[in-house]
Amino acid sequence: MSCATARRVISSTRSCVTDPHDYIRLLEACTQSNSLAHGQTVHQHLVKNSYRDSPVVLDKLTRFYISCHQLRLARRVFDTIPIAGKKHNVILWNQMIQAYAWNGPLNNAVELYGNMIENGVVPSKYTYPFVLKACAGLQDVEVGKEVHESVKRDGLESDVYICTALVDFYAKCGCLDDAREVFDKVCGRDVVTWNAMIAGFSLHGMHGDLVRLVAGMQEAGLRPNSSTVVAILPAIGEANALWEGKAAHGYCVRRWFHGDVVVGTGLLDMYAKCGCLSYARRIFDVLGVKNEVTWSAMIGGCVTCDSTREALELFDRVMLEDAMIPSTVMLGIVLRACAKLTDMRRGRRIHGYTIKSGSVLDLMVGNTLVSMYAKCGVIDDVMVFFSEMAFKDTVSYGAVISGYVQNGNAEEALEVFRKMQLSGIKPDLATLIGFLPACSHLAALQHGACVHSYCIVRGLTADTSLCNALIDMYCKCGKIDMARLAFDRTSGKDVVSWNAMIGGYGVHGLGNEAVSLFHDMQAIGVKPDDVTFIGLLSACSHSGLVAEGNCWFAAMSRDFSILPRVEHYLCMVDLLGRAGLLNDAYNLIQKMPVRPDVRIWSALLAACRIHKDIELGEEVSKNIQSLGAEGTGNFVLLSNIYSAAGRWNDAANVRTVQRDKGYKKSPGCSWVEINGVIHAFIGGDRSHPQSTLITKKLDELLAEMKKLGYCAESSFVLHDVEDEEKEKILLYHSEKLAVAFAVLSLSPNKPILVTKNLRVCGDCHTALKFITIITKREITVRDASRFHHFRDGTCNCGDFW
DNA sequence: ATAGGGTTAG
């Protein structure tokens, strides 16, 4: 019966159909012509005429609905067929499962397969590939393995189709060994089998195996097709293997694949990931057919390659000219661009759009929004949005945690990390890497060490970035030996590992160790970068290694082709200035190829204070003020220079100017971790619950200190007050409060680590030496520039900071 | 074929 005839029959006969075969023929015709409306009319008729009990008719009806992509209707009809009527109709089960496997929901495919087994329906060899496809999509290893067992039981282990599906399933689930095992047993592997295997290795970034596989495929006499190329391109991009990328591109041109949208998109994405944005753009421009994915890949490539403006231009163009409706992927890419540019206005606009389109509900888009607000520094908006997210995963928490860390609020990061664990979400690698800097910042050793144990238990310590974060954490928590241990145990050290360790030695005043490690680094063949030299030069500076510092500063551009940045000059000015070579420091500033900024002059001013050079101090101070910079610290330094020289009037004048200009000294804050809790103190602060005890302890210590010859160094006080008052003000400096609290809270044999946001004050530095004698404790203070290890009345900085 | 949070220095 032709379609036209069928249609005529349907419209004329209405209720005259009596033979079920007529229905069957009608439904077949509707299926062929894909006419949903007619088929539904037939459906109504057969319901009226009680043919709904005929399995044969219902079989046809189910297939009709499947072919019209009406899966729900198909399923409803399918379910009305009694099990007896479909027990031997595997083909119908297969069709339903196939439909689900192709169009979703995938778990329906798996569920239906379960029903089938439960009801004693024997699967055919066509059943397995569909179920496996669903398992691959769902990453359902358990069911997939059951299917594999059935395949073995049915003796289908060498069937190419089934085995290809098995390889694909294992590969997508990351069970590459299983995939390999099946793959090796297949007789008559074809291109699709190879592609499944190749795609699996590509998906899991196993670059080396991938290259061998593609070669193996060609040796077996099979030609890679466009799917093969498309599968390997992401891996090439990820490995930054430009040379192989170009080879793949050449192959595409030879085989005439390069005009294909999917291949073209893959190629341009690969080039962008390899950092060759211009190649990517050329492919994009000549590609005849572009779809939404092509545009997304191009725009995302621009973002990756730091051509963020170009990315937004392209986005505007496609939105305006092509009136494209952006997908969630596209929106995520554009939000990342906004984050990179800290373009919050556009970010908010896109956020509005995602609300309208419903994409906000997409977890990835939501997480990108969190990160966008965090990178723009509006942490309040981060929290509002984050708390409203219906679903949060470890990435959401990771974005908030690192958002807090990036905005200098490590304590909040600690709190969010705790909440995350309470809500039952396990931190993954990236979350931990993002969280560790919070521990580093706070010198929260107990939290940091806890993370370390967790990483060991979870087997995450093979990751270089994680080890780097651990090295840094131990350095910043004062545990330089633990840092070195972590460093030594880091396999695959990269430049960041070396930099972290060298910088760590530097801030601990272990300049020689830093230099020696720098030599090791070169011996092993790791190329130092600009950060390495910042760490190395500042290490020399903290340890007074003038000759070494000069030598490496000269070498960095000469032997390593790294042009010194302002930061490097800063280290050198610091190095020379501290060593008392004020003229050399001044000359270096004069020779700088870039204009010296406030930081440079401040470093020199600090040196002037140490070496009591009033004349140069005044000149430097003028330079600073002429830059229009509101460096409060500079007023303090200059005033200190005058006070130290006994020129009290000049010192007072500086303070008056400072006050008139409205500059306030940023408050000094110190903190200490006791049993995993951070206790913070501000100078003169009495808000701590144990304030009375702390004050009492400090008074006791003061009395003892005086007996040993301590005398308050009032040049470190800015206020115009009497000497006894000055003594009190100094006594309640934040670092002393924190130390006193630690003395009260920690058992006598435990070392104390106090952290301060500014540089430690000179009087406190002296006082702490006395306190180590009185309490017989080791006290470490980490200030804004380095560690001070106090022990038996001395500090390892040699009063040289 | 396109997408989210992460390590060093300043």
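Just to be sure I understand, how many residues within region A:177-191 are crowded, with 18+ Cβ neighbours inside 10 Å and either under 14 Å from A:S227 (Cα atoms) or not basic (K, R) (or both)?
Count: 5.
For region A:423-461, how many residues are hydrophobic (A, V, I, L, M, F, W, C), more than 9 Å from DNA strand B (Cβ to nearest atom) and either outside the structural domain of A:G398 (by TED's automatic domain parsing) or assigned to a helix (DSSP H, G or I) (or both)?
Going through region A:423-461 one residue at a time, the tally reaches 10.
Look at A:T328 and say whether it is buried (at least 17 other Cβ atoms within 10 Å of the Cβ), closer than 28 Å to A:S402 by Cβ and more than 7 Å from DNA strand B (Cβ to nearest atom).
For A:T328, the condition - buried (at least 17 other Cβ atoms within 10 Å of the Cβ), closer than 28 Å to A:S402 by Cβ and more than 7 Å from DNA strand B (Cβ to nearest atom) - is not met.
Select from region A:44-67 the residues that are surrounded by 18 or more Cβ atoms within 10 Å (Cβ to Cβ) and over 23 Å from A:K87 (Cα atoms) and list them in ascending order.
A:H45
Name the one entry in A:A235, A:A272 that is modelled with pLDDT of 95 or more, small (G, A, S) and either on the phi < 0 side of the Ramachandran plot or crowded, with 16+ Cβ neighbours inside 10 Å (or both).
Exactly one of A:A235, A:A272 is modelled with pLDDT of 95 or more, small (G, A, S) and either on the phi < 0 side of the Ramachandran plot or crowded, with 16+ Cβ neighbours inside 10 Å (or both), namely A:A272.
Among the residues of region A:200-209, write down those that are buried (at least 24 other Cβ atoms within 10 Å of the Cβ) and of a type in the set (A, V, I, L, M, F, W, C).
Answer for region A:200-209, where residues must be buried (at least 24 other Cβ atoms within 10 Å of the Cβ) and of a type in the set (A, V, I, L, M, F, W, C): just A:F201.
Looking at region A:307-316 only, could you name the residues that are within 13 Å of DNA strand B (Cβ to nearest atom) and either under 14 Å from A:C276 (Cα atoms) or under 20 Å from the mean Cα position of the chain (by Cα) (or both)?
If the condition is that a residue be within 13 Å of DNA strand B (Cβ to nearest atom) and either under 14 Å from A:C276 (Cα atoms) or under 20 Å from the mean Cα position of the chain (by Cα) (or both), then A:T308 is the only one that fits.
Restricting attention to region A:589-631, report how many residues are part of a helix (DSSP H, G or I) and under 18 Å from A:C571 (Cβ atoms).
Adding up the residues that qualify gives 16.
Say we look at region A:718-745 and pick out the residues that are surrounded by 16 or more Cβ atoms within 10 Å (Cβ to Cβ) and assigned to a loop (DSSP other than H, G, I, E, B); which of these is modelled with the highest pLDDT?
A:H733
State all residues of region A:539-551 that are touching a helix residue (DSSP H, G or I) at 6+ places or on another chain (Cβ under 6 Å) and assigned to a helix (DSSP H, G or I); if no residue qualifies, say none.
A:A539, A:C540, A:S541, A:H542, A:S543, A:E548, A:G549 - these are the residues of region A:539-551 that are touching a helix residue (DSSP H, G or I) at 6+ places or on another chain (Cβ under 6 Å) and assigned to a helix (DSSP H, G or I).
Can you pull out the residues in region A:117-137 that are in contact with a helix residue (DSSP H, G or I) (Cβ under 8 Å, 6 or more places away or on another chain) and either surrounded by fewer than 20 Cβ atoms within 10 Å (Cβ to Cβ) or assigned to a loop (DSSP other than H, G, I, E, B) (or both)?
Scanning region A:117-137 gives A:N119, A:V121, A:V122, A:P123, A:S124, A:K125, A:Y126, A:G137.
Here's a check for you: in region A:404-422, which residue that is assigned to a loop (DSSP other than H, G, I, E, B) and either at pLDDT 95 or above or within 18 Å of A:V384 (Cα to Cα) (or both) is farthest from DNA strand B (Cβ to nearest atom)?
Checked region A:404-422; the qualifying residue farthest from DNA strand B (Cβ to nearest atom) is A:N409.
In region A:618-636, what residues are modelled with pLDDT under 75 and not hydroxyl-bearing (S, T, Y)?
Scanning region A:618-636 gives A:L627, A:G628, A:A629, A:E630, A:G631, A:G633, A:N634, A:F635, A:V636.
If we keep just the residues of region A:488-502 that are within 12 Å of DNA strand B (Cβ to nearest atom) and of a type outside the set (V, I, T), which is surrounded by the most Cβ atoms within 10 Å (Cβ to Cβ)?
That would be A:M501.
Taking region A:269-300 as the region of interest, how many residues are in a helix (DSSP H, G or I) and more than 8 Å from DNA strand B (Cβ to nearest atom)?
Number of matching residues: 15.
What residue, among those in region A:556-609 that are closer than 17 Å to A:R759 by Cβ and of a type in the set (K, R), is farthest from DNA strand B (Cβ to nearest atom)?
For region A:556-609, the residue satisfying everything is A:R609.
Please verify whether region A:256-268 includes one or more residues that are surrounded by fewer than 15 Cβ atoms within 10 Å (Cβ to Cβ) and more than 14 Å from DNA strand B (Cβ to nearest atom).
Looking for residues that are surrounded by fewer than 15 Cβ atoms within 10 Å (Cβ to Cβ) and more than 14 Å from DNA strand B (Cβ to nearest atom), one finds at least one in region A:256-268, hence yes.
Can you tell which of A:G503, A:G509 is touching a residue at least 24 places away in the same chain (Cβ under 8 Å), in contact with a Ser or Thr (Cβ under 8 Å, 6 or more places away or on another chain) and outside any helix (DSSP H, G or I)?
Result: A:G509 is the single residue among A:G503, A:G509 that is touching a residue at least 24 places away in the same chain (Cβ under 8 Å), in contact with a Ser or Thr (Cβ under 8 Å, 6 or more places away or on another chain) and outside any helix (DSSP H, G or I).
Within the set of pairs 6+ apart or on separate chains, which have a first residue in region A:345-363 that is more than 18 Å from A:D380 (Cβ to Cβ), a second that is within 13 Å of DNA strand B (Cβ to nearest atom) and among the aromatic types (F, W, Y), and C-beta atoms under 6 Å apart?
A:L363/A:F391
Considering A:L138, A:L203, which residue is out of contact with any strand residue (DSSP E or B) (no Cβ under 7 Å at 6 or more places or on another chain), touching a residue at least 12 places away in the same chain (Cβ under 8 Å) and farther than 29 Å from A:W243 by Cβ?
A:L138
Between residues in region A:706-717 that are modelled with pLDDT under 70 and residues that are charged (D, E, K, R), which pairs lie under 7 Å by C-beta distance while being six or more apart or on different chains?
Listed by first residue and then by second, the contacts come to A:S714/A:D723; A:S714/A:K726; A:F716/A:D763; A:V717/A:K726.
Restricting the first residue to region A:528-548 and requiring it to be in contact (Cβ under 8 Å) with a residue 60 or more places away in the chain, which pairs with a second residue that is within 12 Å of DNA strand B (Cβ to nearest atom) meet a Cβ separation below 8 Å and a spacing of at least six or different chains?
Final answer for the pair search is A:H542/A:G506; A:H542/A:V507; A:H542/A:S785; A:H542/A:R786.
Could you list all residues from region A:420-450 that are closer than 23 Å to A:I752 by Cα and among the hydroxyl-bearing types (S, T, Y)?
Once the filter is applied, which keeps residues that are closer than 23 Å to A:I752 by Cα and among the hydroxyl-bearing types (S, T, Y), region A:420-450 yields only A:S440.
Please give the number of the condition A:N103 fails out of (1) surrounded by fewer than 18 Cβ atoms within 10 Å (Cβ to Cβ); (2) modelled with pLDDT of 85 or more; (3) within 44 Å of the chain's Cα centre (by Cα).
Only one criterion is unmet by A:N103, namely (2).
With the requirement that a residue be in contact with a Pro (Cβ under 9 Å, 6 or more places away or on another chain), under 15 Å from A:D22 (Cα atoms) and in a helix (DSSP H, G or I), what does region A:35-87 give you?
A:L46, A:Y51, A:P55, A:V56, A:V57
Could you check A:A514 against (1) farther than 16 Å from A:D783 by Cα; (2) more than 11 Å from DNA strand B (Cβ to nearest atom); (3) part of a loop (DSSP other than H, G, I, E, B) and say which number it fails?
(3)
Could you go through region A:462-470 and let me know if any residue there is within 14 Å of DNA strand B (Cβ to nearest atom), outside any helix (DSSP H, G or I), more than 22 Å from A:V370 (Cα to Cα) and under 19 Å from the mean Cα position of the chain (by Cα).
Yes; the residues of region A:462-470 include at least one that is within 14 Å of DNA strand B (Cβ to nearest atom), outside any helix (DSSP H, G or I), more than 22 Å from A:V370 (Cα to Cα) and under 19 Å from the mean Cα position of the chain (by Cα).
The values are calculated or read from the model by the stated rules, or taken from the named source; none is laboratory data. Please read these numbers as outputs of a predicted model, since none were measured by experiment. For neighbour counting, all protein chains shown are included, and Cβ atoms are generated from backbone atoms with ideal geometry for every residue, glycine included.
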